[in-house]
Structures are given as C-alpha cells and as structure tokens.
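First comes the structure, then the notes that go with it.
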Amino acid sequence: MAVPTRFECLQLMRKRLMPQNIQNHSILVANLALQLGRLLHYSGTRLNARVLEAGGLLHDIAKAESLDTGVRHEKLGAKILHDLDYLHLAHIVQDHVSIDLIRLHGPITESLIINYADKRVKHDCIVTLEERFWDLIHRYARSTEQEAHLRRRLELYRTLERKIFDHLSIEPDAMEVMQLSLNFSPY
C-alpha cells in the first residue's frame, strides 16, 4: 500500500494550490488523528500512523477546487488520490464527509479516526462536535430538512465519539486542551 510521507503530502497540497487556511485545517486534523491513534495504540487498537497522517493531511485536497467546479470535494479528492495510486487514501478521502451505521458499528479504522478528527476541527481550532455541527448548520443548511439531516449526523458522530473514547483514559473534552501541542505547522 503506497502512502505518501508528510513531506510528499505537503508538496501535493502546494501543487494543488490548497489555500493556507485549508492547509492549516488539514495539518491540525492530521495531528489530532495521529494523537488519537497513539492513544488508541495504548489500549490495543492498532492503526497505521502513516495512513492517519497522510489521510488527515489530504482529506480536503480538492476542497478549494470543488468550490469553483461544484463537484463534491470528497469525490474529486478521491479521484486525485486514485490517479496517483494512493488507493487506500482515496477511499479515506471519499469516506471522510459522512458516516453510516455499518462503518459505525465496525472496527475503529484510520478512516473513522480521520473522519472524526475532521469533525472536531473547525477551521484551525479543536472544538466540540456540537460546536462544529452548529457551524455546519449555520453555513450549509438552506432548509429545515437539511438542518434535520445535519442534526441526525451529529447523533451518529456522538455515537462514534463514545465508541472511540470508550477505549481511552481521557474524555473528548481533553482534545480541546491539546490544541497547543497539536498546532504544529512545518512552515
């Protein structure tokens, strides 16, 4: 399985002209995913750290481009990574926007951790799921149906959060305290 290094991911982000704010968000998502992976490792859940890092860095690789084209960023990002032969990462990017009951009730995977980390990072700050989803509702819900859909998704993510933190000796709120140590930027 081909997985790009952190340096290669950062090069790809620059090559794809990823705006700095999306780069900052992606770096924090990757760092949060790595930290969760380390903590889960101590409880016996083995995740691939290189996949967590690369998936977090590249999960929004097509975000800016999709705003111009109207193509969903997870689909375009998955295609970009597929074309580069990063097939495992392509699936993670494809799956990072939503969650379904089958994945939710399966094992904890790199894909789930990146998906969860993305939902905990609003712009470049670690926030609660509730704060992140209120932001999503405010920015994207154009109807009561869309708002109801996002509220249902929030419940799924609360279930995912419980699933992850049942394996850890910390509570979800501790992630916000980690903001300073995770806010590393290679620039």
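The values are calculated or read from the model by the stated rules, or taken from the named source; none is laboratory data. A quick note: this is a predicted structure, and the numbers were derived from the prediction, not measured. Every residue, glycine among them, receives a Cβ derived from its backbone with ideal geometry; neighbour counts consider all protein chains shown.
Table for the structure above
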quantity: Count of residues meeting criterion [closer than 15 Å to P4 by Cα and crowded, with 24+ Cβ neighbours inside 10 Å] in the range 82-98; calculated: 4
quantity: Qualifying helices (runs of 4 or more DSSP H) (wholly inside the range 66-108; at least 1 residues being over 22 Å from L154 (Cα atoms) and within 18 Å of the chain's Cα centre (by Cα)); calculated: 73-83, 87-95
quantity: Odd one out for G77 among (1) modelled with pLDDT of 95 or more; (2) more than 21 Å from L28 (Cβ to Cβ); calculated: (2)
quantity: Those residues of the range 117-168 which are aromatic (F, W, Y) and free of Cβ contacts under 8 Å to residues at least 40 places away in the same chain, in sequence order; calculated: F133, W134, Y140, F165
quantity: Residue in the range 67-81 that is surrounded by 20 or more Cβ atoms within 10 Å (Cβ to Cβ), in contact with a helix residue (DSSP H, G or I) (Cβ under 7 Å, 6 or more places away or on another chain) and either aliphatic (A, V, I, L, M) or touching a residue at least 60 places away in the same chain (Cβ under 8 Å) (or both) present; calculated: yes
quantity: Scope the range 14-26; condition part of a helix (DSSP H, G or I), farther than 20 Å from E110 by Cα and not polar (S, T, N, Q); matching residues; calculated: R14, K15, I22
quantity: Where P19 falls short, out of the listed (1) surrounded by fewer than 17 Cβ atoms within 10 Å (Cβ to Cβ); (2) out of contact with any helix residue (DSSP H, G or I) (no Cβ under 6 Å at 6 or more places or on another chain); (3) touching a residue at least 12 places away in the same chain (Cβ under 8 Å); calculated: (2)
quantity: Hits in the range 27-65 - residues which are outside any loop (DSSP other than H, G, I, E, B), of a type in the set (A, V, I, L, M) and more than 16 Å from L81 (Cα to Cα); calculated: I27, L28, V29, A30, L32, A33, L34, L36, L39, L40, A49
quantity: Enumeration of residues in the range 88-109 that are among the aliphatic types (A, V, I, L, M), without any contact (Cβ under 8 Å) to a residue 24 or more places away in the chain and under 15 Å from E53 (Cα atoms); calculated: A90
